[in-house]
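Notes for the one structure printed next.
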Amino acid sequence: MPISTDEFNLLRDFIIKHSEIEVKPEKTYLLESRLSRLMVELGAANFTEFYHNATKDVSGKIRDKIIDAMTTNETYWFRDSKPWTLMENSIFPKLVDSMREHRKQKIRIWCAASSTGQEPYSIIMLLDDMISSGKLKGVTLEQFSVLATDISPSVLFLANAGRYNQLAMSRGMSDKYKAKYFKQAGKIWLLDDKIKNRVTFKKFNLQDHPRNLGNFDFVLCRNVAIYFSDKFKRELFSRIHNILEPPGFFLLGSSESLVGYSTSFDMVEQQNAIYYKKK
Ligand SMILES: C[S@@+](CC[C@H](N)C(=O)[O-])C[C@H]1O[C@@H](n2cnc3c(N)ncnc32)[C@H](O)[C@@H]1O
């Protein structure tokens, strides 16, 4: 069912209102293809009726399905590799040093758009490997926790299960970590509870202020702000700044930057990757 310009505008505004995700006019085909099936499933005759059904639905279920369909959930293990070298050689050792200095017992990490879980689980696998190989000394894995949030209930469901198919496993997962942290059950790979138990998944819309999530030592907000307006990026980075505890490390996706959006962080470039630190 082709979408008219008016229908595109109505649905584009609806999606921004409920998620901040901006669909540009040149991506009309994306909106059309992602929402067509839902429209048919819900018995709407066209996109206008579909839109009105969504706005009248007090339960919010249609809204949630629309937002779920409009999210791009692309992710993989140890995505982009360089930031992981940075975490291993710089961020995690510095976090542990600061933990000792401030006599803190725990390090809290927030993975702000965690999709199907590869990113938060990669963090815990890396930490476990560093601790068991003696690269991070004087700490236990239990002193680290990751809160992993996403707006999309379907990806959170998959993430929580900690079960991955061959395709997901073929994307960024090394043989070493596969053997160390997974058990194979037919065509499915099951993540070890030791890693799973350190990550808590929660539905959270980045439109909401993260203050209720608590404070964090390290925040990763990778490959999601690219879908938001410049105005909302500024707001989001300022909120992240508020909930970061010093020294306060912050990572964006490899194609993203704070330039033009925030001056409240120092940019640190190391090993061909960039991290930000609360000023
Ligand atoms: C491309 S994935 C990035 C996953 C992971 N951070 C990575 O870099 O591999 C973007 C994720 O952001 C989530 N997302 C989009 N808009 C959001 C919002 N307003 N609040 C929370 N999560 C959102 C999507 O559901 C999706 O899972």
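The numbers here are math on the coordinates, done by the rules we state, and not lab data. These numbers were taken from a predicted model, which means no experiment stands behind them. Ideal geometry is used to build each Cβ from the backbone, glycine not excepted, and the neighbour counts take in all protein chains shown.
Brief remarks on what is shown
- Ranked list, fewest to most other Cβ atoms within 10 Å of each Cβ, for D97, D64, D217: D97, D64, D217
- Over the chain, volume per residue of the alpha carbon convex hull, in Å³: 142 Å³
- Cross-link partners for K277 among the lysines, with Cα-Cα distance under 28 Å and sequence neighbours closer than 8 places in the same chain left out: K82, K94, K104, K106, K135, K137, K196, K202, K203, K231, K233.
- Relative contact order (%) - region 84-154, alpha-carbon pairs under 8 angstrom, separation at least six: 42 percent
- With Cα atoms, 0 to 90° folded angle of helix 61-70 axis to the chain main axis: 70 degrees
- Under 13 Å, Cβ to Cβ, from S132 - net charge with Lys/Arg +1 and Asp/Glu -1: +2
- Relative contact order for the chain, counting Cα pairs under 8 Å that sit 6 or more residues apart, in percent: 19 percent
- Kirkwood-type radius of region 5-70, with distances r between different C-alpha atoms, in Å: 11.7 Å
- Across N53, N212, N73, mean-square fluctuation computed from a Gaussian network of the chain (C-alpha pairs under 10 Å connected) peaks at N212.
- Positive-end residue of H52, I66, L31, charge dipole of region 5-70 with Cβ unit charges: I66
- Nearest-ten-degree value, helix 28-41 long axis tilted from longest Cα axis of the chain: 70 degrees
- Charge tally in the Cβ shell below 13 Å around V224, where Lys, Arg are +1 and Asp, Glu are -1, V224 excluded: -3
- Using C-alpha pairs below 8 Å separated by at least 6 residues, the relative contact order for region 137-279 is 20 percent.
- Sorting C221, C111 by the number of Cβ atoms found within 10 Å of their own Cβ, with the fewest placed first, yields C221, C111.
- Only Lys, Arg, Asp and Glu carry charge here, each on its Cβ (+1 for the first two, -1 for the last two); on that basis region 82-278 has a dipole of about 360 debye about its Cα centre.
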